[in-house]
């Protein structure tokens, strides 16, 4: 049996962050992960993250994973992969399956960062091949390079459902519909909007009636539900699909903590069975700390902060840092976490129906029902202004803690104001030089550069474009509305891909002048 | 705290439903009807259901179905799923061949 100061279970964002904080303070740390690759869900996240600089904003998830791994490695953290923790016993003895044997380890502290598992819903045909979790689809696409299917229906409009739908389209799948039993889109509006403008219809207040197929999925029927989630007869809609993705929430994988004797509770707000913890993840068993989704479903950015908290707590528990240092560090981390847990999607606002932004502007009802903001609605948001010449149009309509756009503009055109959750606005006294940095910086792909009058009855729209193959300059096609409907002819004027854009290509299209504020996507004709 | 232990409660008879033949636990092929019938046969806790039907005892160890089974049992009992005690957590956390489970300390 080997002894470590700290044993971390799970090499995801929280586990790695925890190991880094602990190792920094001189602890001997080992991390076990049952997967063949470290990083947990981070390595599947190919989209840019939200937040501020401190929260790794506008960096793609897998890059954050690589950075964490590198840091852990430099600090001498041992990360053991293909190592499945089998049990967590009294006195913090851990059994781990490595290869064809069971190894015993003794940790003086344990951080459990095992994450969560995907939920499923049942309907006739749900056990047929082709019904998969959205996370599984993401694993297939982004880790193994396998296309999950050709025609996909996505159930669930939370951020997972929205982000994975977009990635499915990027992988070359056709997403036929986004379906949710809830009456409103659950995830970020900007994530919904970038899917909607490619032409994917949203069916809110709908659920799956049944899936068809003998050997595998060949089709699916959905129907509308009323406010009590009772199906409404005669509202059936059928789609030919070979894949149904389910993004209907996650459940904490907390069994190890339960086995270790930590006090548990069933807390629907945290996603199910979770340990009872203090503000920093410390469980009822001294020296056993929980971090990340295992103690309550959130997302990777907060998991990383929770991991850091857990790491410092472990260090203090064994005397590797003073109580004073612990308190000071936790205070900083708490502020970090608090700044992430702001805005409309903050955990404290879960389940609440928010009608107005912090600025007092009515939320787009169409965005919540159909996934896109209408041409009329978009005008009332502060990022949407009209000017002579090229100027940024920021279709950011919900208060989320995110501000890369503000730093992206070297000319100071864009401001978020006091609070990180504020909607961005264009400052009148500064000149846009059409560099495109703001467009590429927006993790929500919600910023466009528009010249409403480029001469000869034309307008130009520069939009973020993350699809391959890139259309060549001169390609003719159509301008799609926010709804994803063809509204006008369009021609590609330029395609910009520079390293600073980090794979967000900037497509400038020419459209008839009257479509300057309507065309938001390009489709090859 | 646990209302589920109140065995004097009358949960009524088992009423067949059209989706009773739907498989809930895929690994052990347990249907919704079997789970509902088990509740009416007196299996009111997740542990009893698991021992009686083997739901959640297969390859995935309930990773997929435990939440679903809990929901079905709770509905049958007329309680919130949160009131049901989850199954005991014990080693091995993942399905493991006995030859591996018995092969101690190979690399350490």
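What follows draws every value from the coordinates through simple rules; no lab data is involved. Predicted model, so just to flag it, every value in this text is computed and none were measured. All Cβ positions, even for glycine, are placed from backbone atoms using ideal geometry, and neighbour counts span all protein chains on display.
Brief remarks follow.
- Between 0 and 90°, nearest 10: helix A:13-24 axis offset from chain A longest Cα axis: 50 degrees
- On Cα atoms only, tilt of A:159-170 relative to the major axis of chain A in degrees: 60 degrees
- For chain A, the square roots a ≥ b ≥ c of the C-alpha gyration tensor eigenvalues yield an a/c of 1.5 or more together with a/b exceeding b/c, which makes the shape prolate.
- Gain on full extension, evaluated as 0.36 nm per residue between residue A:410 and residue A:429 minus their Cα-Cα distance, stands at 5.5 nm.
- A prolate overall shape is assigned to the range A:374-524, the ratio a/c of its alpha-carbon gyration tensor axes (a ≥ b ≥ c) being 1.5 or greater and a/b exceeding b/c.
- log₁₀ of I(q)/I(0) at q = 0.18, 0.19, 0.20, 0.22 Å⁻¹ - chain B, Debye sum with one point per alpha carbon: -0.86, -0.93, -1.01, -1.18
- Helix A:61-74 and the longest principal axis of the Cα set of chain A meet at an angle near 30°.
- Only beta bridges with both residues in the protein assembly as shown are counted; by DSSP, about 65 percent of them are antiparallel.
- The range A:120-246: C-alpha gyration tensor shape, a/c 1.5 cut-off, then a/b vs b/c: oblate
- Neighbour-count order for A:480, A:318, fewest beta carbons within 10 angstrom listed first: A:318, A:480
- Residue-averaged [θ]222 nm for the protein assembly as shown, counting only DSSP H segments that reach four residues, each worth -39500 (n - 2.57): -6500 deg cm²/dmol
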